[in-house]
Each structure stands twice: as structure tokens, then as C-alpha cells.
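Below is one structure, written out as C-alpha cells, with a few remarks after it.
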Amino acid sequence: MRWRSIVLRYVYGLDIKDIHAVLGMSIRSITRWNQQFQRIGHVGTKTREKRSSRWSPDVIQFVKQYTTLHPCFYIEELQAELKFHFPVLQNTSTSTICRALRFDLHLTRKVLEKQARESSAHEVQMYRSRLEPFYSHPSQLVFVDETSKDGRDALRKYAWSRRNTPAVVSLPFARGQRVSILAAFDSTGFISWDYTAGTFDRNRFHQVMSEQVIPYLNPWPLPRSILILDNAKIHMYRELEAAVHARGALVFFLPPYCPQLKRWILKYPLAFRNDIRRTLEVALVKSTISTESPSQMGLNLCHHCGYENGYLDDDKFNF
């Protein structure tokens, strides 16, 4: 914007008031930029000197090792470790530690992704070796899984009250009716879903798959031609595989304890009220809507799980 005002002033010969009308900038700013250009020949912003670390390199190295070994640390725990190992270190305040983590070590605090110790790298590689010869694009994949909710999931965890006054609301502690949802997800978002009271058994699961999911499958290698399920017992039976193969599609089962390969799983807080079907449909549709288009949101979720365009991401499948 600064250089635009200079070009309009010295190349096109516009008056400062005309530049103000064109760019919408204040006359004072335009005048100051012109004076700066006449004085030093440019209108670039001043480069700030890079602030050196408040800690010595050995302290930075210690903090780096500590955060690598203990990624779930509290600031108070790190502060205690610094005081113990570096008793003469003066600047161990919370603000100093936060600045060091953010600017010296480039660390940020984010939601923890839990990985089961029972997961087997060999099982993951076996799953990858089976899928890789048939995989070419995220649009081929259709993920299916279940989740369940009860009355407690509709309870709100925050409330408004006067300052210094606790927010107390009378709420039922009973679980209420439990509802299980089965949904199918592809690179465009949720494509089909259904629910049942209680939990899914094999008969109800097969009914929903036959009526709501399998009709969407296409012959391989077309889009929606690879069905991905976890290794739950109610998923693994011959009738389901035969129904999928009859559509010309393929079915693969995820390795045990590896939810990170399908992070899209229904983790959204669905509030079930009287009209459960209407609430379910609204929640599943809204869950993939963001500032991006729903199709781009679905692709981003697939990429986040390691299913890239034309290949499987090594970082997601090696752990």
C-alpha cells in the first residue's frame, strides 16, 4: 500500500487528496510516506532486531530434551525442573518460559492425539501393503464406523452467572436413552447414516449397510470403490464381504488400535432431543461445513489421516 501511494504520486502525478480518495488511506499517512521516500529513497518498514534468547544454549538444550521426553508437561513442572537443575538461573517466570517455548523452540500447545501402546507397527504395514496396490486417490475411500450418545451428551458444560457467583443448574444425572449411529464418510463428507436404540448388533449392522451404504459403492477403481472398516467382530463376516464384492468394490479392515488412520470418526457432540432423526441429519451435515467447501473439508480430513493423492503418507503410516 505504501509503494502504491508512491507510484500514484510520482508516476501518475496524482495529488495527495486524490490518492486518499483512491486508496482510502489517511492523508497524514500518505504525506509521511512521501516524506520518507524523499528523505531515504524507500518506504519499507523498519526491520526489528531479532531478540536473542533470555537463556543460555545449555538451558535451551535442556528444555528441548525435557519437552521431547515429556510432551504433556505443565508449565509449573518445567519451572520446577529448571530451578532444580539450574539453581542460579534467575529468569524462570511463567511468561519467560512461555516466550522461550514459543519463540526459541517454536513449540505450541495443541490437542493431544493419543496413540495406543497396543498398536502394532507390523499390523499397520500389513494394512498398508494390502491397500497400496489398489489405492490411487482419497475419492476411492468410504469409511464406515459407529458411535453412541446418551442424555448426558446434550448437557452443557458452561453457564452464565454474576461475577464471583457460581453457576448452579439442576440437571439429571441419569444417562437416559442410549442411541448408536452408523455413518459413512468419503472425501466429500458424510454420505449416509442411520441410528438404532442401544447398540448395533450384527443383524442391525448388516441391515444398515445393505440399505444405506452398499448402494453408494461403485466398481473399483471408480470413486467410492474401497470400503474401510475397523476390525470389530460385527464387521467381519462373509455375507458383508460378498455384498461389497457384488458391487465390484473392495473392503479392507483397519489394524487394531489404530483410530489415527480414520480420525474423522464421529467425534462431534450431537445433541439428541425429541426429533432424533432431524437432529442427527443436521449434526452430520453441519459437522463437515466450515469456511471451506464440504468437499475440500473431506479431502483435508483424508489427507490428515495419510491418504494423499496417489500415495499413502509415510509419516502417518510409520509409528
³J(HN,Hα) computed for each position of the stretch 9-16 - Karplus, 6.51 cos²θ - 1.76 cosθ + 1.60, integer Hz, glycine/proline x: 7, 9, 8, 9, x, 7, 6, 4
Per-residue ³J(HN,Hα) for the stretch 97-104, Karplus 6.51 cos²θ - 1.76 cosθ + 1.60, θ = phi - 60°, Hz, x for Gly and Pro: 5, 5, 5, 5, 5, 7, 9, 8
Whole-Å distance, taken between Cα centres, linking the stretch 81-110 and the stretch 170-216: 47
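Taking the Cβ-Cβ separation of Q296 and N218 as r and a Förster radius of 35 Å, what is the calculated FRET efficiency to the nearest 0.05?
Efficiency, from the Cβ-Cβ distance: 0.95.
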The stretch 157-170 - phi-based ³J(HN,Hα) in whole Hz, Karplus 6.51/-1.76/1.60, Gly and Pro as x: 9, 10, 8, 9, 7, 5, 4, 6, 10, x, 8, 10, 10, 7
Charge tally in the Cβ shell below 15 Å around Y216, where Lys, Arg are +1 and Asp, Glu are -1, Y216 excluded: -1
Burial ordering of K64, K316, K83, fewest other beta-carbon atoms within 10 Å first: K83, K64, K316
Extension gain (nm, one decimal) between D18 and M236, 0.36 nm per residue minus Cα-Cα: 71.1 nm
Long-range amide H partners of F73 with built H, under 5 Å: none
Over 30 Å between alpha carbons, listed pairs K110/K157; K233/K316; K64/K149; K64/K316; K149/K233; K110/K149: K64/K149
Sorted by Cβ neighbour density within 10 Å, fewest at the top, the residues M209, M126: M126, M209
Sequence of E81, E132 once ranked by neighbouring C-beta atoms within 10 Å, starting from the fewest: E132, E81
Label-point separation in nm, T199 to T108, each point 7 Å along Cα→Cβ: 3.8
Where labels lie 7 Å past Cα in the beta-carbon direction, separation of E211 and A159 in nm: 4.0
Where a label projected 7 Å from the Cα of S95 along Cα→Cβ would reach, residues of the stretch 52-80 with amide N under 12 Å: none
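No lab work stands behind these numbers, since they all come straight from the coordinates. Being a predicted model, the structure only gives us computed values, none of them experimental. Positions of Cβ are generated from backbone atoms using ideal geometry, with glycine treated the same way; all protein chains shown enter the neighbour counts.
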